[in-house]
Every structure is written in structure tokens, then in C-alpha cells.
Amino acid sequence: MGVLNVTPDSFSDGGLVASVDVAVARAAELHRAGADIIDVGGESTRPGAAPVSPDEERRRVLPVLRELQPLGMVLSLDSRRAEVVEPALDVGIDLVNDVDGFRSSAMQRLLPRLVAEGQGLCVMHMQGSPSTMQASPHYADVCGEVYGFLRGQAEMLEAAGVDPQSVLLDPGFGFGKTYTHNQTLFRGLSSAAQGPHAILVGVSRKRMIAEAMGQPDSAPAQRDAASAVAAVLAAQSGASVLRVHDVAGTLAALRLAAALGAPV
Ligand code: HH2
């Protein structure tokens, strides 16, 4: 899954996509590099980010989705707002990536339509909200709570008629988690991947990568090589979808791991 942020303030690529044309060119580049899914987002959810109005989010993503839709790419919309998802469904998307994990009642009211259209649904875990989530994340048992929440949301979706094969579960690295929480969750991936649902992992360029590299002050784009290693480790742990900024580098790393004998 290649990341396409149509935002002025995303933590690693904010402001890069300043027009619809640039967004389409970037999506085509991600697709050519081997991305199976393009994840279009119109709101930065980095720690400390202020929420964006639904109007503004729609203004950012809908024109881009309209241009991308006829090009035959698999499109994911990274949004936690039903008011943005609904018009995007009218344009034509394949996957709804909700960093709020389908907790909002407005998103739950959309479920009949999501089921009828056979949409893929990514349920992500977040403690708190982006503006405050890194203030003091706290868990008694981070794997139990996060993976348990994801299983519970999957059950809720399935009770509403969603096909289990359409569900992706994502522990939400960096969303209301300390470095140690992220590390523990990453180590818990292989056990989570034994369950009936596919797992999505998004660690690309995140602060946990910089910390694990021993270079906490590195610029996000300097974290691509280490992010590709993390993607290989996630795949080896059973993750099915890897949300990344550097698609070419990640695929090269995955191919290298497969060629040298490590199962991915
Ligand atoms: N991470 C980000 C955004 N959306 N969605 C899922 N399912 N999983 C993630 O880990 C995830 C996500 C944050 O990364 P990015 O989009 O690069 O930054 P920003 O939120 O600043 O736009």
C-alpha cells in the first residue's frame, strides 16, 4: 500500500502534493513502483495534528479520487469521517481505512452500504485522538488491549454483515503508543497474524523507526532503508499489507529477503 497524502502538514510528505495533477502523478509513480493499493489521505493524523473540517477534507481528496478512479488502481481512502467516506463511495473506492477503527456511530451507520458494495475495511487502533494521543499513552497489557480491541471491532463488523475476508486489522503504530508499546505490539504481530483476519502494518518513516535506528532526530525521508527492513520483518511475522512511503525500496527489500531464503 503506497501512501498518498494530499495534505499540507503530513509528518513526512506534507505539502508535496499541492495540486490534483501532482497527486495523480505521484499515485502513478507509486503504482508503477509496485503498489497494489493507493491510500489517499486528506488529514494528517500525526501526533499533535489539529482536526481538519469535513469540507476541507472532501475538498482535498475527492478531486484526486475522481482523477484516479478511471485509471484502474485499487483505491483506499484514509479517513475517519463518514461525511468524507460517503461521497468517496459515490466516486468509487475499494477500501475504507479508518484510523478510528469504525468506532464512530456515523461510520457504523454507513455499514449497510459498505457491506452492499463489498468494500475492504481497515480497522486501526488509536488511543485518544491525534491532537493529544502522545501526551501519556497508558496500557496495562498493550497487546491484550490493542489486539483485543481489533478482534472486538472485527466481530462488530461481521455482525453487521461484513465478510471477514474484507477486514484488515492494524495495531496503529504510533497512535497513542510509546516506543516500548510499539515495540511490544510489533513483537506481537506473529501471534495476531494467526487469527482469521489479515493484518496491515504502517510503520514507514515513523518516529519508532528513527528510535530503533538510534537516530531519533533523523529526517523522515532518511528512514526509508530502516522502514524497508521493518516491512520485511512485518511480512515475516505474517502481515499481509504494508503501508509505506517508499514502495520501490520496500519491494526491493521484500524480494531480497525472499531470494536469500527468508520466507515472506
Ligand atoms: N499511519 C498514518 C496514517 N494513516 N492508516 C493506517 N491504517 N495505519 C497507519 O499506521 C497509518 C494510517 C500516519 O502516517 P502518514 O499518513 O504518513 O502521516 P500523516 O498522518 O501525518 O499524514
Worksheet entry | Enumeration of residues in segment 220-253 that are part of a loop (DSSP other than H, G, I, E, B) and either among the polar types (S, T, N, Q) or touching a His at 6+ places or on another chain (Cβ under 8 Å) (or both) | Ser237, Ser240
Worksheet item: Just for segment 98-138: of the residues that are polar (S, T, N, Q) and not in a loop (DSSP other than H, G, I, E, B), which one is farthest from the chain's Cα centre (by Cα)?
Response: Ser105
Worksheet entry | Boolean, Glu83 is touching a helix residue (DSSP H, G or I) at 6+ places or on another chain (Cβ under 7 Å), at pLDDT 95 or above and surrounded by fewer than 20 Cβ atoms within 10 Å (Cβ to Cβ) | yes
Fill in: Residue check for Leu4: closer than 26 Å to Glu117 by Cα, out of contact with any Pro (no Cβ under 7 Å at 6 or more places or on another chain) and modelled with pLDDT of 95 or more
yes
Item to complete: Say whether the condition of being of a type in the set (Asp, Glu), in contact with a helix residue (DSSP H, G or I) (Cβ under 9 Å, 6 or more places away or on another chain) and within 15 Å of the ligand (Cβ to nearest atom) is met by at least one residue in segment 169-185.
Response: yes
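This table checks each residue for (1) among the hydrophobic types (A, V, I, L, M, F, W, C); (2) part of a helix (DSSP H, G or I); (3) within 11 Å of the ligand (Cβ to nearest atom).
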position	(1), (2), (3)
Gly14	no, no, yes
Glu29	no, yes, no
Arg59	no, yes, no
Val84	yes, yes, no
Worksheet item: Quick one: which of Gly2, Gly48 is touching a residue at least 12 places away in the same chain (Cβ under 8 Å), on the phi > 0 side of the Ramachandran plot, within 14 Å of the ligand (Cβ to nearest atom) and not aromatic (Phe, Trp, Tyr)?
Response: Gly48
Worksheet item: So which residues in segment 193-217 are more than 10 Å from the ligand (Cβ to nearest atom) and touching a Leu at 6+ places or on another chain (Cβ under 7 Å), if there are any at all?
Response: His197, Ala198, Ile199
Response to the item:
Taking first residues from segment 68-88 that are closer than 14 Å to Asn5 by Cα and touching a residue at least 12 places away in the same chain (Cβ under 8 Å) and second residues anywhere that are of a type in the set (S, T, N, Q) and not in a helix (DSSP H, G or I), the pairs with Cβ under 8 Å that are 6 or more apart or on different chains are Ser76/Asn97; Leu77/Asn97; Asp78/Asn97; Ser79/Asn97
Worksheet entry | Residues that are of a type in the set (S, T, N, Q), modelled with pLDDT under 95 and more than 20 Å from Thr184 (Cα to Cα), drawn from segment 102-156 | Ser129, Ser131, Thr132
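The values are calculated or read from the model by the stated rules, or taken from the named source; none is laboratory data. Source: prediction; values computed, not measured. So basically every Cβ, Gly included, is an ideal-geometry build from the backbone, and we count neighbours across all protein chains shown.
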